[in-house]
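**Student:** Below you will find the structure I want to go over with you.
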Amino acid sequence: MDYMRRVTMDPSGFVVLADFVPHIIQEIRYYSDYNFIGERISGYEEPCALLTIEAARALKKVSSELFVKGYWLKVFDAYRPAGAVEQFVLWGIEDQDIRMKPYFYPDLEKQELFIKGYIAKKSSHSRGSAIDLTLLDMKTGREVDMGGPFDLFSEVSHPDFRGITNEQYENRMLLRNAMVRNGFQPIDCEWWHFSLKDEPYPDIYFEFPVSARYLRR
């Protein structure tokens, strides 16, 4: 089946994550201009995280597990419209703007971001059960030190990278182990990215906007 024939605007299987998971912290980077492109991304109409109900249920278990250990979950991105991914691809192929290179891909050329798997031409985020997140320490109110920031496209961001301190590596594993125990699977190039192993829509990509209002119509 052609990719575009599997795109739908139907949000009926999705929820607003903040309504479903208590204490969730959100910093939706693609709603802001602080991201690897340097501008708000197409389709991000509100700074909120949306997920399929199945992924939200699993993440609620992760949140509860880590809450008792003194951590909140902080989300950078969740559901991502297929059109946003198309914007990423066009930016990589046609756009000559590299203003954010020093912050997000200092050692790579734009085309390498696709070759090395940091940006996908078809993203699991657009199927609604993938999430980018980190931990927030309740005592300090700060992000836990993971040895590298979100969306740093570099070997440093690989979950098993050992050129960081033992504490930073253990922090990565704390997040990773909690996610895996509750049904998510990681990828090998981004410590912050996880997708639900038994995702409900493995062959469907969604195109509706990132908007709580859209879900509540």
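Every read-out reported here was derived from the displayed coordinates using simple, explicitly stated rules and does not represent laboratory data. Quick caveat, the model's predicted, so the values are computed rather than measured. Virtual Cβ from ideal backbone geometry, glycine too; neighbours counted across all protein chains shown.
**Student:** How much mean residue ellipticity at 222 nm does the chain get from its helices, if each DSSP H run of length 4 or more adds -39500 (n - 2.57) and you divide by all residues, to the nearest 500 deg cm²/dmol?
**Tutor:** Mean residue ellipticity at 222 nm (helix-derived): -8000 deg cm²/dmol.
**Student:** What percent antiparallel are the DSSP beta bridges of the chain, to the nearest 5?
**Tutor:** Counting DSSP beta bridges with both partners in the chain, the antiparallel share is about 75 percent.
**Student:** Please compute the length gained on full extension between Thr140 and Tyr103, using 0.36 nm multiplied by the number of residues separating them and subtracting their Cα-Cα distance.
**Tutor:** 10.8 nm
**Student:** Ok, one more. In units of 2.2 N^0.38 Å, what is the alpha-carbon radius of gyration of segment 39-136?
**Tutor:** 1.24
**Student:** In Å and on Cα atoms, what radius of gyration and Dmax does the chain show?
**Tutor:** 16.6, 50
**Student:** Number of Lys-Lys pairs in the chain under 18 Å by Cα, sequence gap 8 or more or different chains?
**Tutor:** 13
**Student:** How high is the relative contact order of segment 3-215, given as a whole-number percent (alpha carbon pairs under 8 Å, six or more residues apart)? Intermediate results must be reported in sequence, preceding the final value.
**Tutor:** Values: 386 pairs, mean separation 63.7, N = 213.
Value for segment 3-215: 30 percent.
**Student:** Then there is this: Hey, with R₀ at 35 Å, roughly what FRET efficiency would Asn166 and His23 work out to, going by the Cβ-Cβ distance, to 0.05?
**Tutor:** After rounding to 0.05, the efficiency reads 0.80.
**Student:** Evaluate the relative contact order of segment 143-217 (contact order divided by residue number), counting alpha-carbon pairs under 8 angstrom at least 6 apart; express in whole percent.
**Tutor:** On the way: 60 pairs, mean separation 18.0, N = 75.
Across segment 143-217, relative contact order equals 24 percent.
**Student:** If R0 is 22 Å, what FRET efficiency do you get for Leu90 and Met9 from their C-beta distance, rounded to 0.05? Mind dumping the intermediate values first?
**Tutor:** On the way: r = 21 Å, r/R0 = 0.95.
For Leu90 and Met9, the calculated efficiency is 0.60.
**Student:** Taking Rh as the Kirkwood radius computed over C-alpha pairs, what is the Stokes-Einstein D of segment 118-191 at 20 °C in a medium of viscosity 1.002 mPa s, expressed in µm² per second?
**Tutor:** Once the numbers are plugged in, D ends up at 162 µm²/s.
**Student:** Stretched out fully, how many nm does the piece from Lys69 to Lys121 gain, at 0.36 nm a residue minus the Cα gap?
**Tutor:** That pair, Lys69 and Lys121, stretches by 15.0 nm at full extension.
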